[in-house]
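Please find one structure pasted underneath; my questions will follow.
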Amino acid sequence: ANQNELLSVRLGLVLGSSISRARPLTTSRIQSRVSIAAVVSVAEPGRRKRKCLGFLVGERGEVSIMSMTVMRPARGCCCHFNNAINNCFNLRYRRTLKTPSLAAEFPFVAVASPPTRLSLSLRRRLLTVASSSAATMSSSPSYDKELAAAKKAVSLASRLCQKVQKALLQSDVQSKSDKSPVTVADYGSQAVVSLVLQRELPADPFSLVAEEDSGDLRDDSAQDIRARITELVNDTLSTDESSSSTLSVEQVLKAIDCGVSEGGATGRHWVLDPIDGTKGFVRGDQYAIALGLLDGGKVVLGALACPNLPLTSIAGANQQPSSGEVGCIFFAKLGSGTYMQPLEGGPAVEVHVTATENPEEASFFESYEAAHSLRGLTGSIAEKLGVKAPPVRIDSQAKYGALSRGDGAIYMRFPHKGYREKIWDHAAGCIVVTEAGGLVTDAAGKDLDFSKGRFLDLDTGIISTNAKLMPLLLKAVKESLKEGESCSSSM
């Protein structure tokens with residue numbers, strides 16, 4: 001986002017007062033290797049035409065420039081230009097710059113030439129901006145090593161969770177003060193992720209916002225549970241070649257307590273739900289190990305391990321089908337798309353949200369546990385949309401993973417009054433869906449803000465779908481909420 005803002009400013013300096021508006025372009029649906037993108041609308045003096053200029057810089061510094069002329073006023077010209085850029089890349093309508101002088105001055109440049117071509121002087125001025133922007137971009141973080149560490153951490157944590165779930169003992173479950181079930185796998189998973197991230201990224205300051213702490217485990221009555229957790233953590237880490245030493249109980253407890261960070265709008269913070277969907281885990285159903293990374297208050301990557309989620313679609317099914325290979329990991333990095341691969345290893349495939357435009361053909365996800373969401377409200381919203389399929393109810397952020405690969409079209413979560421959403425319940429799932437081409441907002445259509453600490457400050461609930469269905473969904477949500485308020489006031 002900072003690179004996009006910087007680029008827009010530089011374009012403004014080059015083109016001066018002729019710019020009427022400038023904004024970043026969404027790059028995830030254009031080209032995975034585009035690192036910077038911006039579009040500006042330029043008013044031609046004395047004419048009713050407006051020229052839109054697109055400017056993209058790739059990973060290796062290559063530059064693409066495109067233009068489109070529209071009649072003024074043109075409120076939607078940037079949207080139309082987005083489509084033009086998409087079409088240009090989809091059709092591979094690209095032309096390498098042949099002008100000798102410019103080619104010598106900017107050897108890294110490739111210029112895409114739609115029907116409306118830029119003048120040579122304007123092209124030269126934009127390319128001058130490109131050279132300095134490309135140099136700045138080369139020093140920006142790629143998050144490659146962080147994503148690799150995140151994938152490794154959730155994969156190892158999944159091994160621990162799978163081992164416990166297969167032979168779940170009554171003594172493995174205790175109650176926290178809020179009465180939700182917590183397993184030794186919950187604590188063990190957090191310890192494993194904390195230890196792996198610190199080991200894989202030793203040079204980085206470590207900040208972890210996570211669900212658990214060791215307070216309950218330090219009680220005298222929890223001695224057996226402490227020993228069980230430590231044994232599980234050591235057994236799990238021993239399967240990784242880079243692990244050598246055996247950890248003590250105190251070292252494991254300290255690793256769990258690394259998750260006490262408050263997060264915030266500055267710096268980097270890992271965000272973890274060690275087992276999202278603990279009730280599903282205890283039942284033997286869906287759960288997820290959800291890990292995201294915040295940088296400057298924005299989610300920049302996510303890794304979502306779903307050990308019980310089938311590799312094939314679960315459309316029309318609650319929880320998991322009776323047959324088929326299960327266990328997958330979804331991962332996403334800002335501007336690079338979303339991918340899914342088998343949890344046990346194998347090739348990764350890029351996934352996308354469904355392109356469904358007709359609500360009657362859509363299906364929606366909601367929480368398996370009735371206590372987690374207002375089913376009457378989601379039912380009313382679905383009815384107003386015209387959704388005919390029954391809801392698909394599964395636990396955890398596995399819903400986000402399933403949504404990202406098109407198993408369903410809509411996800412709705414409207415918790416009971418007084419509940420505050422935690423950032424670890426949505427950080428990883430949010431970027432997995434948005435990088436797959438979807439949208440995740442609150443009930444008012446605002447993007448989720450992860451910069452406020454451990455809780456999300458949002459309007460009423462969370463909804464997610466594709467860009468085509470979102471306006472209809474927001475309208476149905478607004479109408480249903482208004483009806484609910486009217487009923488409450490009349491009672």
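Report the extension gain between LYS482 and ASP204 in nm, rounded to one decimal, defined as 0.36 nm multiplied by the number of residues separating them, less their alpha carbon distance.
Fully extending the segment from LYS482 to ASP204 adds 95.3 nm.
Counting other Cβ atoms within 10 Å of each Cβ, which chymotrypsin sites (Phe, Trp or Tyr not before Pro) in segment 403-491 have at most 16 and sit in a DSSP loop?
Those satisfying the criteria are TYR419.
Relative contact order of segment 215-322: what whole-number percent is it, with Cα pairs under 8 angstrom and at least 6 residues apart?
16 percent
State which entries of LYS399/LYS478; LYS384/LYS446; LYS145/LYS422; LYS254/LYS298; LYS152/LYS468; LYS145/LYS475 exceed 32 angstrom in Cα-Cα distance in the structure shown.
Violating the 32 Å limit, Cα to Cα: LYS152/LYS468; LYS145/LYS475.
Continuing with the same structure: Would you mind pulling out the separation of the Cα centroids of segment 397-454 and segment 143-163, in Å?
Between the Cα centre of segment 397-454 and that of segment 143-163, the gap is 21 Å.
Another question about this same structure. Place the peptides 357-363, 429-435 in order of packing, highest mean first, counting for every residue the other Cβ atoms within 10 Å and averaging per peptide.
Packing order, densest peptide first, comes out as 429-435, 357-363.
How high is the relative contact order of segment 336-375? Use alpha-carbon pairs under 8 Å, at least six apart in sequence, and give a whole percent.
In percent, rounded to a whole number, it is 24.
On the accessible surface of segment 335-405, probed at 1.4 Å, how many percent belong to carbon and sulfur atoms?
That share works out to 50 percent.
Based on the Cβ-Cβ distance from SER142 to THR266, what FRET efficiency comes out when R0 is 22 Å, to the nearest 0.05?
So, using R0 = 22 Å, E works out to roughly 0.60.
The values are calculated or read from the model by the stated rules, or taken from the named source; none is laboratory data. Since the model is a prediction, treat every value here as computed from it, not as a measurement. As a convention, Cβ positions derive from the backbone with ideal geometry for all residues, glycine included, and neighbour counts pool all protein chains shown. Each accessible area value is taken on the protein alone, full model and side chains, heavy atoms only, with ligands, DNA and RNA left out. Shrake-Rupley method; radii C 1.70, N 1.55, O 1.52, S 1.80 Å.
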